[in-house]
Every structure is written in C-alpha cells, then in structure tokens.
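A.B. asks: Before we start, here is the structure in question, set down as structure tokens.
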Amino acid sequence: MKTGKIVITDKVYFEYYQLYKPDKVDVIYYHNNSSIAKELKQQLLKDYKEYEASKQLVEVENVYWWDESEVWTYTSRYYKEFDYKDVINNQICKAKIENSKAIIIELIN
C-alpha cells in the first residue's frame with residue numbers, strides 16, 4: 001500500500017510520494033559471484049523500478065464522476081455496504097497499485 005495524493009485534471013490520478021533514488025551497495029562489487037550479491041542486485045533493481053514508477057501519475061480506478069452533484073466520488077468496496085465519499089484535489093490517501101491502475105483504499109483528511 002502506498003501513501004500519496006490525489007491529482008484531478010480531466011481524470012483522477014494518484015501521485016505517490018517520490019521515493020529516494022536507491023544507492024548502489026558496495027557489497028555487490030566485492031562479492032560478485034556470491035548468492036548474497038545476486039539477492040542484493042535483484043533488490044536494487046526492484047527498488048530502482050519502484051523509484052522510477054513513483055515519479056509518474058497513475059490513473060485511479062475506483063473514483064467516479066457524480067453528475068448530480070458534480071463531484072468526483074470515491075467508492076470503497078471493502079465493506080458489505082458501499083461507502084461513498086467526495087474526493088478533492090491534493091487530498092492525501094492510501095492506494096494499492098495493480099496493473100498500472102491505482103485503487104484508493106483510504107482517504108486521509
């Protein structure tokens with residue numbers, strides 16, 4: 001789960017807080033053929049991909065335009081009953097990212 005903010009333009013996007021650029025670990029250079037070095041390289045690549053992804057906006061999947069009141073509305077499907085809340089620009093939230101789409105889990109006021 002990622003923490004970030006909602007960005008509203010023509011669509012609703014999730015911008016999660018940018019992560020720090022991962023640093024190369026010195027151990028990789030000293031233990032090139034060890035299994036520890038391979039694990040560290042894999043972790044470094046994973047961290048770097050996540051860092052690159054954090055610099056991009058991700059389209060939100062569970063926020064809808066409500067014509068009657070002319071607001072964007074967030075729908076939580078984690079409860080038996082649907083929970084509808086209005087969404088505003090730059091609102092802090094928690095989201096889950098799957099298949100290049102964000103699913104808002106919780107709005108933080």
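A.B. asks: Taking H as built 1.01 Å from N, whose amide H comes closer than 5 Å to the amide H of N62, not counting residues under 5 places away?
C.D. replies: It is I104, by chain and number.
A.B. asks: Between Y84 and N109, what is the label-to-label distance in nm when each label sits 7 Å out along the Cα-to-Cβ direction?
C.D. replies: My value for the distance between the label points is 1.9 nm.
A.B. asks: Can you figure out the FRET efficiency of Y17 with N99, using R₀ = 30 Å and their beta-carbon distance, to the nearest 0.05?
C.D. replies: After rounding, the FRET efficiency stands at 0.90.
A.B. asks: Now a separate question. Calculate, for M1 and W66, the FRET efficiency according to 1/(1 + (r/R0)^6) with r their C-beta to C-beta distance and R0 35 Å; round to the nearest 0.05.
C.D. replies: 0.85
Bear in mind that the values in this text are calculations on the coordinates, not laboratory data. Since this is a predicted model, take the numbers as computed values, not measurements. Note: ideal-geometry Cβ built from the backbone for every residue, glycine included; neighbour counts use all protein chains shown.
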